[in-house]
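Notes for the one structure printed next.
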Amino acid sequence: MDIKDVENLAKLARIELSEDEKRDLLHDMDSILGYVKQIEEMKIEDTEPEHGVRNVWREDTIEQRDFSPELIVKQFPDAQDGFLKVKKIL
Amino acid sequence: MIDLDTLTITKARVALDGKIFSAVDLAKAYLAEIEKKNKELNAYLEVYDDVLDQAKEADERIAKGDSSPLLGIPLAIKDVILIKGRKVSSASKILENYTASYDATAIIKLKKQGAVFLGRTNMDEFALGSSTENSAYGVTKNPHDTNRVPGGTSGGSAVAVASNMALASLGSDTGGSVRHPAAFCGVVGMKPTYGGVSRYGLIAAVSSFDVIGPITKTTEDAQIIFDVIKGNDILDSTSVPDNFYEKISLKKELIIGVPWDLINQEGINLEIKKNFEEVVKSFENLGYKIKDIKLPNCLALYYIINFAEVSTNLARFDGVRYGLHKDGKNLLEDYLLTKGAGFGKETRRRILLGAYVLSAGYYDAYYGKAQKARIALRKEFIELFSEVDLILTPTSPIPAWKIGEKSDPLSMYLADIFTVTANLVGVPAVSLPSGFMEIEDLAQAGKRLPLGIQLMASHGAEDLLFEIGKKFEANIAL
């Protein structure tokens, strides 16, 4: 890994980093990835992904849920007439 | 005066129902302790201002002859579980002023019982860490030695119980976050089977590992809370249906598996090993059969999945709908600034690591391989539990370390070696206090550090953990 890789990952994750932190992260990530690389040596037969997969159904009925729309709207960083206001995207 | 040192939920229930003291008296006693200790220990991020009102309501119900196991019992709640109308921040700046708009399912169940919520407790930001040092609101201190960490990530919840600032508490366990601080603070911490308690209203860290669990003074208290909060929930499709796992019948002679290979390797503190060997002998004396088993070191596997899911789960904190918002020139700049300022160091590190292990060129080598290894491990465990009833290890390979001592993140990850396996496989586990160890610089002050052992059982076999836990407590003098 080099500093360009850290910058690219930060860009993908939409996180702004200072130059100092980029260097720190490069060092930490190198050592952590070096450790978890052990997984390469694990010999695993091809297993089917069966873990925890099951269908969960419910009746298609309307049920009362106790949550507060007021509290949700109140926490929008910017709102207008009860709608969430965001910056222009295109 | 209520003797908080020896008080348990069981004893408090008798006293409340017998009108020996009221729920208001009890709440006042805990508020007084919080007033005295929290400034130094920093277990609570917020103490609620309506504690006595809640207690009064409980007293009114008691006066009417109402009784339920947790009616009027003062609890601390980890700052990651939603209570409607109250702040919940996951100890992060990005959620500093966030107010929950609904109750977590576990909270609804506790409210029905009439439990009293004292406040929300400190933790590692987004439940990422092993020491509560990663909180955006300062470290929580271990009451046994305030120079040391309380363990993590539910450090505040463990300290609250260990220092009489709550009778019991809720934590959440992703890779040991309930058991690890329980061991460091000398209390009981229980991680239920994955899906045994609903995750609805629990802020997600690693969705396929997370589970809410109790931190208490006794095994019986942990059982009381677990029995209240457990159960299938329509709002959490990963919660297991009742009777999903075959009920195991209790046998006369139980076999405890001990992975000696893992325990005898380098990096395990010698005092902890000595304490553990004594515990094994005690179990033998109690009539359990000990069997040597093999367990792999699962840390690499655990952390790859942890990074991947953390990276995905935390992507939603973008400053658009709620939480911190930093204004930039355009939407992209809003994201960059908000996430840069809102997430702490360890959180940023894990998000990037997750992005790495999930990226196109490395997916197969890391995340894809880890998923396969996880399935293989689960199969291995199901087989293992046909040979043994329980698996015994120390909870942590090292005792509580000094605050700031582990600045290298990898060295802290290694402290989770015994606890992560239960989360990978989804089995229940409990950490029980197993004694103390002497530390040179503490001996003069007459202080010692608590140690803990961990027991794992097969899926859905919580009752077995409670049974053996009670026996252990009754027969082992700490």
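The values are calculated or read from the model by the stated rules, or taken from the named source; none is laboratory data. Since the model is a prediction, treat every value here as computed from it, not as a measurement. A quick note on method: Cβ atoms are made from the backbone with ideal geometry, for glycine too, and the neighbour counts reach across all protein chains shown. Ligands, DNA and RNA are excluded from the accessible area calculation, which covers all protein heavy atoms including side chains. Shrake-Rupley method; radii C 1.70, N 1.55, O 1.52, S 1.80 Å.
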- Within the range B:67-76, which residues are open to solvent by less than 10 Å² (accessible area, probe 1.4 Å) and either hydroxyl-bearing (Ser, Thr, Tyr) or in contact with a strand residue (DSSP E or B) (Cβ under 7 Å, 6 or more places away or on another chain) (or both)? B:Gly72, B:Ile73, B:Pro74, B:Leu75, B:Ala76
- Filter pass, A:Ile44 being in a loop (DSSP other than H, G, I, E, B) and at pLDDT 95 or above: no
- Message: With the requirement that a residue be open to solvent by 10 Å² or more (accessible area, probe 1.4 Å) and on the phi > 0 side of the Ramachandran plot, what does the range B:77-113 give you?
- Response: B:Gly85
- Task: Return yes when B:Lys329 is open to solvent by 60 Å² or more (accessible area, probe 1.4 Å) and either of a type outside the set (Gly, Ala, Ser) or outside the structural domain of B:Asp210 (by TED's automatic domain parsing) (or both) and no when it is not.
- Result: yes
- Within the range A:75-85, count every residue that is more than 7 Å from every other protein chain (Cβ to nearest Cβ) and closer than 14 Å to B:Gly319 by Cα. 3
- Going by the structure shown, is B:Ala422 over 18 Å from the mean Cα position of the chain (by Cα) and assigned to a helix (DSSP H, G or I)? no
- Note on the structure: Contact list, first residue from the range A:11-33 and more than 14 Å from B:Gly344 (Cβ to Cβ), second anywhere and of a type in the set (Val, Ile, Thr) and open to solvent by 20 Å² or more (accessible area, probe 1.4 Å), beta-carbon distance below 6 Å, six or more apart or interchain, is A:Lys22/A:Ile3; A:Leu26/A:Ile3
- How many residues, within the range B:1-28, are more than 16 Å from B:Gly114 (Cβ to Cβ) and under 25 Å from the mean Cα position of the chain (by Cα)? 7
- Message: For the list (1) open to solvent by less than 10 Å² (accessible area, probe 1.4 Å); (2) under 27 Å from the mean Cα position of the chain (by Cα), I need the number of the one condition that B:Asn297 fails.
- Response: (1)
- Which of the residues that make up the range B:395-419 are under 16 Å from the mean Cα position of the chain (by Cα) and either more than 14 Å from chain A (Cβ to nearest Cβ) or under 19 Å from B:Thr193 (Cα atoms) (or both)? B:Thr395, B:Ser396, B:Ala400, B:Asp416, B:Ile417, B:Phe418, B:Thr419
- Right, B:Leu262: open to solvent by less than 30 Å² (accessible area, probe 1.4 Å), farther than 29 Å from B:Gly342 by Cβ, in contact (Cβ under 8 Å) with a residue 24 or more places away in the chain and at the interface with chain A (Cβ under 9 Å from one of its Cβ atoms) or not? no
- Task: Identify the residue in the range B:228-259 that is touching a Ser or Thr at 6+ places or on another chain (Cβ under 8 Å) and within 30 Å of B:Lys289 (Cα to Cα) and, among all such residues, is most open to solvent (accessible area, probe 1.4 Å).
- Result: B:Ile248
- Message: Which numbered condition in (1) in a helix (DSSP H, G or I); (2) in the same structural domain as B:Glu278 (by TED's automatic domain parsing); (3) open to solvent by less than 30 Å² (accessible area, probe 1.4 Å) is the only one that B:Thr393 fails?
- Response: (1)
- Note on the structure: Taking the range B:311-354 and keeping residues among the charged types (D, E, K, R), more than 7 Å from every other protein chain (Cβ to nearest Cβ) and more than 20 Å from A:Gln75 (Cα to Cα) leaves B:Lys329, B:Glu333, B:Lys345, B:Glu346, B:Arg350
- Query: Is there any pair linking a residue in the range B:400-415 that is in contact (Cβ under 8 Å) with a residue 12 or more places away in the chain and under 10 Å from B:Ser130 (Cα atoms) to one that is open to solvent by 30 Å² or more (accessible area, probe 1.4 Å) and among the basic types (Lys, Arg), with Cβ under 7 Å and at least six apart or on different chains, and which?
  - Reply: B:Met412/B:Lys406
- Item | Residues located in the range B:357-389, provided they are part of a helix (DSSP H, G or I) and either closer than 24 Å to B:Glu133 by Cβ or among the aliphatic types (A, V, I, L, M) (or both) | B:Val357, B:Ala365, B:Ala370, B:Ala373, B:Ile375, B:Ala376, B:Leu377, B:Ile382, B:Leu384
- Query: Just to be sure, is A:Ile89 within 7 Å of chain B (Cβ to nearest Cβ), surrounded by 10 or more Cβ atoms within 10 Å (Cβ to Cβ) and free of Cβ contacts under 8 Å to residues at least 12 places away in the same chain?
  - Reply: no
- Query: Yes or no: B:Gly354 in contact with a Ser or Thr (Cβ under 7 Å, 6 or more places away or on another chain), closer than 20 Å to B:Ser90 by Cβ and not in a loop (DSSP other than H, G, I, E, B)?
  - Reply: yes
- Task: With respect to B:Thr121, determine if the residue is touching a helix residue (DSSP H, G or I) at 6+ places or on another chain (Cβ under 7 Å) and buried (at least 19 other Cβ atoms within 10 Å of the Cβ).
- Result: yes
- Take the range A:1-41 and flag every residue that is part of a helix (DSSP H, G or I), within 17 Å of B:Arg348 (Cα to Cα) and among the polar types (S, T, N, Q). A:Asn8, A:Ser31
